[in-house]
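The values are calculated or read from the model by the stated rules, or taken from the named source; none is laboratory data. All values derive from a computational prediction rather than experimental measurement. A quick note on method: Cβ atoms are made from the backbone with ideal geometry, for glycine too, and the neighbour counts reach across all protein chains shown. Side chains included, ligands, DNA and RNA excluded: accessible areas come from the protein's heavy atoms. Shrake-Rupley method; radii C 1.70, N 1.55, O 1.52, S 1.80 Å.
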Amino acid sequence: MLNHPTQPVLHTVPIEKLRPTQMTVGFREVARKRHDWRERLDRDGPDFLGRHMIPVVVGPGGTMWLIDNHHLARALHDEGVEEVLVQIVATLDHLGKRRFLTFMDNRNWLHPYDAEGRRRPYDDVPRSVAKLIDDPYRSLAGEIRRAGGYAKVDTPYAEFLWADFLRPRISPKLLARDFDKAVMKALHAAHGEEAIYLPGYCGTH
């Protein structure tokens, strides 16, 4: 069942028990969140965790599946945080595994795409946040959003749509060699008319 959004059900869960619903994260994004966490740790660490509840769906066998905040979960895991507060947004443990994954996919709560933007079988989605792999273009997409390349929206996996848009336009060599230059080139592409279909597009005006 779907839980009412104004009546969140909160639980503390070990990060290692959370199942990802995507295959990749941007490691630069993870590093930035790790840095932010270290700066906050002594000042307001517990309060920060209380304000950043991670949304999950309960699947077959009671497994909790992340549907957002993969970068934060990975960053906290890498920093040695063992548990996080989660908000259960749907309880679907009555479904069989295949029906559950199909429902998640159709609801846009599952993103089984690899670091080259290719769709993969459901079984290829890693079983823990520690196994998430790097997609440098996801980091690029996050950076150009912060730089004003496009607006933050609620569209699921919007940053991955932007990452896929940027793959053929920014070479992997440039991305690895000169990230700042890649960001400038990506900003120009993001403001062009070819990106008008993407969520959060804001052009140059």
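Here are a few things to note about the model shown:
- Breaking point among (1) under 18 Å from the mean Cα position of the chain (by Cα); (2) surrounded by fewer than 17 Cβ atoms within 10 Å (Cβ to Cβ); (3) modelled with pLDDT of 95 or more; (4) outside any loop (DSSP other than H, G, I, E, B), for residue 126: (4)
- The range 172-195 residues that are within 11 Å of residue 140 (Cα to Cα), paired with ones that are open to solvent by 30 Å² or more (accessible area, probe 1.4 Å) (beta carbon under 7 Å, 6 or more apart): 175/136; 183/143; 183/147; 187/147
- Whenever a residue of the range 96-124 is at positive phi, its partners that are open to solvent by 50 Å² or more (accessible area, probe 1.4 Å), lying with C-beta atoms within less than 7 angstrom and at least six residues away or across chains, give the pairs 108/156; 117/164.
- If you go through the range 107-123 and pick out every residue that is out of contact with any strand residue (DSSP E or B) (no Cβ under 6 Å at 6 or more places or on another chain), within 17 Å of residue 169 (Cβ to Cβ) and either open to solvent by less than 50 Å² (accessible area, probe 1.4 Å) or among the aliphatic types (A, V, I, L, M) (or both), you end up with 1.
- For residue 102, the conditions (1) hydroxyl-bearing (Ser, Thr, Tyr); (2) in a loop (DSSP other than H, G, I, E, B); (3) more than 13 Å from the chain's Cα centre (by Cα) all hold with the exception of (2).
Table: residues versus (1) open to solvent by 50 Å² or more (accessible area, probe 1.4 Å); (2) in a loop (DSSP other than H, G, I, E, B).
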| position | (1), (2) |
| --- | --- |
| 144 | no, no |
| 155 | yes, yes |
| 160 | no, no |
| 164 | yes, no |
| 169 | yes, yes |
| 176 | yes, no |
| 180 | yes, no |
| 183 | no, no |
| 203 | no, yes |
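- Scanning the range 63-92 for residues being among the aliphatic types (A, V, I, L, M) and open to solvent by 40 Å² or more (accessible area, probe 1.4 Å) gives a total of 1.
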